[in-house]
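Structure first, commentary second.
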Amino acid sequence: MTLPLTVIGGYLGAGKTTLLNRILTEDHGRRFGVIVNDFGAVNVDASLIANHDGDTISLTNGCICCSATDGTAEAIARIVKRSAEFDHIIIEASGVAEPGKVARNAAGFRLPLDGVIVLADAEQLPDQAANRYAGRSVLAQLRQADVIVLNKVDLPSPARLEETRALIARHAADVPVLETEQARLPYALLFGVGRGAAVAAWTAGPEAAHDHAAEYVAELLERGPMSRAAFEELAQEQMEFAIRAKGHVALSDAPEVRHLYQKVGRRWTLVPDGGWDGEPSRTRIVTIRIREDLPNHRHARQNMWRVSGAPFASGVDRDRTGVSTQSDC
Amino acid sequence: MQRSHSSAGISRRTVIKATVAGALFAATGFGLARTPGARADTPVEKIFRGGPVVTVEEGQPLAEAVAVGGGRILAVGPEAEIMALAAPGTEIVELNGATLLPGFIDGHGHFMNAPQIVSWVNVSGPPVGPVTSIEDIVTTIRAFMDERRPAPGEWVIGYGYDPTVLSDGRELTRDDLDPHFPDHPIMLIHVSNHGCVLNSAGFALNGIDENTPTPEGGVILRKEGSNEPAGLLMETAFLPIFGNMPKPDTETLLGLLGAAQEIYTSRGVTTAQEGATHKPDLEFLLRAADEGHLVIDVVSLPIVFDVPALVREYAPDFRGGTMELPDTAAQSFGRYRNRLKLAGIKMVLDGSPQGKTAFWTEPLLTGGPEGEEDHVGAPVVPPEMVTAAVAEFVDKGIQVFAHANGDAAIDMIIDALRAAGVTAADGRRDVVIHSQFVRSDQLDAYAELGMTPSFFTGHTFFWGDVHVENTGPERAAFISPMAAAYERGLRCSNHSDFSVTPIDPFLMMQTAILRRSRSGVVLGPDQRVDALTALRSLTIDAAWQIFEEDTKGSIAPGKLADLVIVDRNPLEIDPEEMLELQVIETFKEGASVYRRSA
Ligand SMILES: [Zn+2]
Ligand SMILES: [Zn+2]
Ligand SMILES: [Zn+2]
């Protein structure tokens, strides 16, 4: 049983706790096992706690929160033992930790990395990056991100915000940036559509939903078998600005092998993933990207988008909320 | 990954909570203060005579005899004068030329590693253990198993595995172990604590075989020409094994406390430190103390990361921020209850220099752990958190014990104390544990702010050559600079960071005196100290550092009769012979707690 792993990093005050609190307590239909540094900092509403058991709290929505103050390896081991109870694992990296190293340590437990999300404080980031003690760590965090969430963008002056953006562009040029307030993000941008690692759940998504208010579009891309070079070219053209993408790929030089393509921000992998099991050998990938027809979504800088992110729990079928089959609807 | 830790079971926890309710953060305080001095009519129970008494007292460094009663030292002086105090019931302890010293004080170490270590087999190379070949490893495990008789299937865990000390010139493999130990899973932990060697039973229990991929950042050594794991696993490949390592339960740990404390008493140590106490360990220690299991004093430093959880548990009505403490918090510190004392709060600011995870201001000459250029390491916590926590501890009157190896980490704690308005006049004695790469200007700041270093001179021996390579000869020469610290009037302790290196006061003295690496390089000849200074850092100055100089650390009337008899006088002996010194008997408050078997 392998569960996708998301590492959430970022310096003090960037909003990791706010984001975790949302993930833990909102009704998103996905069961997360979350490892935090101190769950005292995660203000979980007491009415949502199903059970509080030493180092672990279980929540009514199926998530559990596990404290790692005594060692991340032990906390991961504890949570991996219960992996049948979850769809996804999240590790909160401490304020100065390098999230890339946290992800790599987790790789020892054979948890496939879904993505490294690094939050940054729009007002404080330039000062933090210049801090003589923390500066190097702050910049390393940005460099190691697959997606940067630039939080609290309502606080800085326009000039300060531009300074922050320039700093990110300088140190993490190829990392997509989602700008928001109060760590509000469309859930699908963080964890994709569907449940867990199942590709079927992903690619089944787009047919169903259609929501004009959504800030992102999910599109299904279908092709026949093609060469690896052709696929990479297609990925470059069609998915360069996708925040996430996932699906199966049929390569013409090995048509009997099914390949799994996954992209989170700038990270992508294409790995063999069994056979087609009688399914037609076709490339079928769902991409999720920010809608650019909404005001303010695209900024002067490439790769940076403003999202307002309604709470996850705004609709009935959250996994599919906001998913549409076309970008121009 | 310094240690794994015991977890008090959940049902147990409730019981413990009831017995210690009010112990922490309570208005009534944690224990009773010990007032120095003994009453004039206290009967003399023991008189030590017949050998040099090294008092470590300024005015009277040497004496002939000592009278003890009621757990205290009653009188120190010329033999005739002391013998005149003898009464009918007085026991005369004949030193027969051996030397009497004050009991040693552990400047910094991890007491909770002791019960674990005593249930493990030592497969280290000299001077820590007996192993110089693969054959030695097999013989050592065999002897251990003959003695302990683990049930088939039960883990046998060894520590200190180091291929560089093996005359075989290769790694130990499962094939070396399997023929001898087919029925027990065996795990030999690498001396770096970042890996291990498993036998086949160990591999089977961990579900690792030829189909197990090597994780990024890890090593699974394979047999030649095959994908089958050979034995050694390192780094990320070791993490799941480490995370799943079997842990003794509370009852088992309590049962091991006798043997655990003998690690200390057999080396003459009468005050141990639990220098990074997690909440479950504190609950265990409180129980051990209250049930009378402690024969030596244990100084515990609750770790800062667990402070919010401790406040939630012991002061449930307190409403404050994450790192805030109730006004009465200081009353839980500084006093013994049943041999357990909380001394202050432990902060961890960086990692280890040999692991290249310490935090320096100047880059290493050899790059980072993975060859990163311009590598200075990193802090473990954001500076804002250090500043806020230190301000709170200063405000509430709690001593700070900060682990800091690199000079950037040391700057962080100096900055934080300065920002909190601390000066030497406050007499806080905030301790910088390790202080290994402290700069000369930082020692000045220590003096200005009343800070005190706990050095780790053993590094000059164990990792001295590595430090020269990584930091260059100049920085390496100033590692744990005890002479420079004493020159500034600072009082220092010296430590072994047990179980990072063994508890051995004589090894600590020797490394402070010689500062010589394994390869024979002397690191900073000007930082070598004389034997008395080396001894002070393990006795009176270590006592001063934890505010116990009125009751411990020297042989003087009124102090606790914590004493050790050593076969030769460490102040007279050639430092080259220091490791041959033998502890004959150790006394805690007048009672014999260890006696070397004849
Ligand atoms: Zn803990
Ligand atoms: Zn330390
Ligand atoms: Zn330590």
(request) Take the range B:264-311 and flag every residue that is surrounded by 23 or more Cβ atoms within 10 Å (Cβ to Cβ) and either polar (S, T, N, Q) or not assigned by TED's automatic domain parsing to the domain that holds B:Phe401 (or both). (result) B:Thr265, B:Thr270, B:Thr271, B:Gln273, B:Thr277, B:Ser300
(request) For the range B:500-508, state whether one or more residues are away from ligand 3 (no atom under 16 Å from the Cβ) and out of contact with any Lys or Arg (no Cβ under 9 Å at 6 or more places or on another chain). (result) yes
(message) Of everything in the range A:244-276, what is under 23 Å from A:Pro112 (Cα atoms) and among the acidic types (Asp, Glu)? Give them in sequence order.
(response) A:Asp273
(request) Having 1 or more residues that are among the charged types (D, E, K, R) and either closer than 21 Å to B:Arg528 by Cα or touching a Gly at 6+ places or on another chain (Cβ under 7 Å) (or both) is the bar; report the helices (runs of 4 or more DSSP H) wholly within the range B:367-482 that clear it. (result) B:407-419, B:440-449, B:464-477
(request) Can you tell me which residue within the range B:407-431, out of those that are in contact with a Lys or Arg (Cβ under 9 Å, 6 or more places away or on another chain), of a type outside the set (A, V, I, L, M, F, W, C) and within 14 Å of chain A (Cβ to nearest Cβ), is nearest to ligand 3 (Cβ to nearest atom)? (result) B:Asp407
(request) Working only within the range A:132-153, note down all residues that are in contact with a Phe, Trp or Tyr (Cβ under 9 Å, 6 or more places away or on another chain) and of a type outside the set (Gly, Ala, Ser). (result) A:Tyr133, A:Val138, A:Gln141
(request) Looking only at the range B:59-112, count how many residues are within 16 Å of ligand 1 (Cβ to nearest atom) and out of contact with any Gly (no Cβ under 6 Å at 6 or more places or on another chain). (result) 2
(request) Any chance you could count how many residues in the range B:279-309 are in contact with a strand residue (DSSP E or B) (Cβ under 6 Å, 6 or more places away or on another chain) and either within 16 Å of ligand 2 (Cβ to nearest atom) or modelled with pLDDT under 90 (or both)? (result) 6
(request) Report, by residue number, each residue of the range A:281-292 that is basic (Lys, Arg) and either open to solvent by 60 Å² or more (accessible area, probe 1.4 Å) or in a loop (DSSP other than H, G, I, E, B) (or both). (result) A:Arg282, A:Arg284, A:Arg291
(request) Please specify each residue of the range B:53-87 satisfying the condition of being open to solvent by 60 Å² or more (accessible area, probe 1.4 Å) and assigned to a strand (DSSP E or B). (result) B:Leu62, B:Glu64
(request) Give me a count of the residues in the range B:345-373 that are open to solvent by 40 Å² or more (accessible area, probe 1.4 Å) and among the hydrophobic types (A, V, I, L, M, F, W, C). (result) 1
(message) For the range A:92-104, check the following and say yes or no: at least one residue is more than 12 Å from chain B (Cβ to nearest Cβ), within 17 Å of the chain's Cα centre (by Cα) and surrounded by fewer than 22 Cβ atoms within 10 Å (Cβ to Cβ).
(response) no
(request) Give the residue, chosen from A:Phe109, A:Phe86, that is within 14 Å of chain B (Cβ to nearest Cβ) and among the aromatic types (Phe, Trp, Tyr). (result) A:Phe109
(request) Please specify each residue of the range A:233-280 satisfying the condition of being open to solvent by 80 Å² or more (accessible area, probe 1.4 Å) and more than 18 Å from the chain's Cα centre (by Cα). (result) A:Glu233, A:Gln236, A:Glu237, A:Gln238, A:Asp253, A:Glu256, A:Pro272, A:Asp277, A:Gly278, A:Glu279, A:Pro280
(message) If I ask for residues that are open to solvent by 30 Å² or more (accessible area, probe 1.4 Å), in contact (Cβ under 8 Å) with a residue 12 or more places away in the chain, more than 16 Å from ligand 2 (Cβ to nearest atom) and out of contact with any Leu (no Cβ under 8 Å at 6 or more places or on another chain), which ones from the range A:70-89 would you list?
(response) A:Thr72, A:Arg78, A:Arg82, A:Ala84, A:Glu85
(request) Name the single residue, out of those in the range B:380-406 being within 22 Å of the chain's Cα centre (by Cα) and open to solvent by 10 Å² or more (accessible area, probe 1.4 Å), that is nearest to the other protein chains (Cβ to nearest Cβ). (result) B:Val380
(request) Would you please name the residue that is nearest to B:Ile157 (Cα to Cα), looking only at residues in the range B:213-244 that are open to solvent by 10 Å² or more (accessible area, probe 1.4 Å) and of a type in the set (Ser, Thr, Tyr)? (result) B:Thr214
(request) Restricting attention to strands (runs of 3 or more DSSP E) lying wholly within the range B:178-292, give those where 3 or more residues are in contact with a Lys or Arg (Cβ under 9 Å, 6 or more places away or on another chain). (result) B:229-235, B:269-277
(request) Collect the residues in the range A:44-72 that are within 14 Å of chain B (Cβ to nearest Cβ) and within 22 Å of the chain's Cα centre (by Cα), keeping them in residue-number order. (result) A:Val44, A:Cys65, A:Cys66, A:Ser67, A:Ala68, A:Thr72
(message) Anything in the range B:94-111 that is in contact with a His (Cβ under 8 Å, 6 or more places away or on another chain) and within 12 Å of B:Tyr264 (Cα to Cα)? List them, or say none.
(response) B:Asp106, B:Gly109
(message) Looking at the range B:222-271 only, could you name the residues that are away from chain A (no Cβ under 14 Å) and among the small types (Gly, Ala, Ser)?
(response) B:Gly225, B:Ser226, B:Ala230, B:Gly231, B:Gly255, B:Gly258, B:Ala259, B:Ala260, B:Ser266, B:Gly268
(request) Please list, ordered by first then second residue, the pairs with beta carbon atoms under 9 Å, 6 or more apart or interchain, first in the range B:485-501 and under 14 Å from B:Thr452 (Cβ atoms), second part of a loop (DSSP other than H, G, I, E, B) and of a type in the set (Phe, Trp, Tyr). (result) B:Asn494/B:Phe456; B:His495/B:Phe456
(request) Consider only pairs whose beta carbons are under 9 Å apart and that are at least six residues apart or on different chains; among these, list those whose first residue lies in the range B:396-414 and is in the same structural domain as B:Phe456 (by TED's automatic domain parsing) and whose second residue is assigned to a loop (DSSP other than H, G, I, E, B) and within 16 Å of ligand 1 (Cβ to nearest atom). (result) B:His403/B:Val380; B:Ala409/B:Val380; B:Met412/B:Val381
(message) I'm told A:Ala107 meets every condition in (1) modelled with pLDDT under 90; (2) out of contact with any strand residue (DSSP E or B) (no Cβ under 9 Å at 6 or more places or on another chain) except one. Can you identify the failing condition by its number?
(response) (2)
(request) Report yes if some residue within the range A:2-15 is open to solvent by 10 Å² or more (accessible area, probe 1.4 Å) and assigned to a strand (DSSP E or B); otherwise report no. (result) no
(request) Write out, first by first residue and then by second, each pair whose Cβ atoms fall under 6 Å of each other, whose residues are 6+ apart or on separate chains, and whose first residue, in the range B:296-308, is at the interface with another protein chain (Cβ under 10 Å from one of its Cβ atoms) while the second is part of a helix (DSSP H, G or I) and buried (at least 24 other Cβ atoms within 10 Å of the Cβ). (result) B:Asp306/B:Lys279
(request) Please tell me if B:Pro280 is free of Cβ contacts under 8 Å to residues at least 60 places away in the same chain and within 12 Å of chain A (Cβ to nearest Cβ). (result) no
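The values are calculated or read from the model by the stated rules, or taken from the named source; none is laboratory data. Worth saying up front: this structure is predicted, and the values here are computed from it rather than measured. FYI the Cβ positions are ideal-geometry reconstructions off the backbone, even for glycines, and counts take in every protein chain you see. Only protein heavy atoms, including side chains, enter the accessible area calculation; ligands, DNA and RNA are left aside. Shrake-Rupley method; radii C 1.70, N 1.55, O 1.52, S 1.80 Å.
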